[in-house]
Amino acid sequence: MKNIYYIVLLILSLYGMSSCSKEIQQHHASGLERSRLMIITDINTTPFFEADEHALIYLLWHANIVRIESIIADKNRDEMDNRLNNILDQYASDFRNNNYGFQNNAYPSPRELSSKVVNDLDQATNTIIQTARKESEQPLYILVLGDMKLIKEALFLAPDIEQKIRLITIGSGIKSPEDDVCGNLNWNGWGRTEVFERFKNLWWIENDWAYKGISEGNLPKQMFSEVQQFGALGNYLSKSTQQKLVLDEALPIMYLLDPNIHRNHPEFGGWTGNYIKPFPVERPQYWIDRAETKKWNYKKPCQSWELADQVLLERKSVIVARREEMFSSLLMNLDQLYNNTYVPSE
């Protein structure tokens with residue numbers, strides 16, 4: 001019964017959100033308006049690769065409204081199990097299907113995308129530096145779906161790029177209260193801490209704990225059933241073990257797709273949550289998830305850890321309240337891309 005309820009809401013939203021999807025397309029219609037982005041992912045090496053898989057497929061479904069400069073992914077030791085290449089193969093299948101709208105809607109060709117992939121970590125550091133230094137009217141967004149080691153290395157080698165990049169990451173350096181006690185580092189670990197301490201003028205959004213709200217509850221499970229029907233990419237998703245749409249790692253991408261977001265002023269909020277600039281003097285271009293309680297200590301969270309569960313709930317609830325709009329926009333985009341083939345699941 002709950003599934004029926006959710007899908008009815010989504011169907012209603014789907015038609016109501018058609019203007020939103022068109023707004024996204026129109027907003028990015030000009031190549032000059034497309035966000036330049038670089039993805040750093042550990043999809044081939046992390047045991048939690050499904051979140052990266054779902055995020056990259058989400059990106060590919062919107063690849064005509066951003067400008068992908070590079071996809072940096074470390075090689076898997078098992079060359080037969082290159083997950084990124086597997087996903088790009090599915091994209092190529094959908095792109096070449098004349099029944100779908102990829103070629104008519106300015107999606108990058110499979111060859112173009114493959115040319116953007118960087119597997120060698122030494123080359124990756126140089127790619128970050130060279131791309132950041134490239135003359136462009138558009139800022140370079142670096143979206144980190146894995147850890148921050150490469151960003152740290154690039155910034156340490158070329159400190160001048162601090163003024164040339166915009167960084168969006170998942171998680172700060174401290175695990176949430178549902179994962180661990182305060183003080184234990186997450187996957188970003190020391191790489192993040194070193195960047196935070198040294199580069200105080202870096203334009204940086206940390207989606208700290210709010211991201212957890214995007215994949216909780218029944219709605220992501222229902223969305224998982226819906227997106228499976230969309231081409232080879234949807235079929236690839238259907239084989240995921242979690243059996244829900246896991247878009248935790250996609251939040252940096254969503255930030256650039258949200259038609260309501262003010263990119264230069266993250267504090268206005270959007271699909272990916274509400275943000276605050278907690279240290280406006282010391283770090284004038286740094287934002288993190290906003291806690292509703294004013295007693296939360298952003299600088300030293302452990303000193304107000306008795307509020308951690310409350311802050312986690314507050315941060316997640318913002319995304320939960322807004323994710324239906326994002327999901328509806330996704331379904332509308334897919335329905336158009338796959339030429340009105342969408343049939344709601346039961």
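The numbers here are math on the coordinates, done by the rules we state, and not lab data. Predicted model only: the values in this text are computed from it and were never measured. Virtual Cβ from ideal backbone geometry, glycine too; neighbours counted across all protein chains shown.
Arrange the peptides 89-101, 327-339 so that the one whose residues have, on average, the most other Cβ atoms within 10 Å appears first.
Going from most to least packed, we get 327-339, 89-101.
May I ask for the distance between the Cα centers of the stretch 137-182 and the stretch 324-342, given as a whole number of Å?
Spelled out, the Cα-based centre of one part sits 31 Å from the other.
What do you get when you divide the Cα radius of gyration of the stretch 221-297 by 2.2 N^0.38 Å, with N the number of residues?
So the stretch 221-297 has a normalised radius of gyration of 1.48.
Going Cα to Cα from LYS294, which lysines come in below 22 Å? Please leave out same-chain ones fewer than 8 positions away.
In chain and number order, the partners are LYS175, LYS212, LYS277, LYS316.
Quote to one decimal, in nm, the extra length available between ASN201 and SER317 on full extension: 0.36 nm per residue of separation minus the C-alpha distance between them.
Result: 38.8 nm gained on full extension.
According to a simple spin-label model (label point 7 Å from Cα along Cα-to-Cβ), what is the distance in nm between ASN235 and ASP120?
Once both label points are built, they end up 3.5 nm from each other.
As a test of the definition: which semi-axes, in Å, follow for the stretch 2-337 when you take the square root of five times each eigenvalue of its alpha carbon gyration tensor? Largest first, please.
29, 25, 19
Put a dot 7 Å past each Cα toward the Cβ at GLU324 and HIS262; how far apart are the dots in nm?
2.6 nm
For the pair ARG111 and ASN339, what calculated FRET efficiency results from E = 1/(1 + (r/R0)^6), where r is the Cβ-Cβ distance and R0 = 22 Å, to the nearest 0.05?
Efficiency, from the Cβ-Cβ distance: 0.40.
Consider just the alpha-carbon atoms of the stretch 51-130 and return their Rg together with their Dmax, both in angstrom.
13.2, 40
List, in the order given, every pair from LYS244/LYS300; LYS244/LYS299; LYS149/LYS299 whose Cα-Cα distance in the structure shown is over 25 Å.
LYS244/LYS300; LYS244/LYS299
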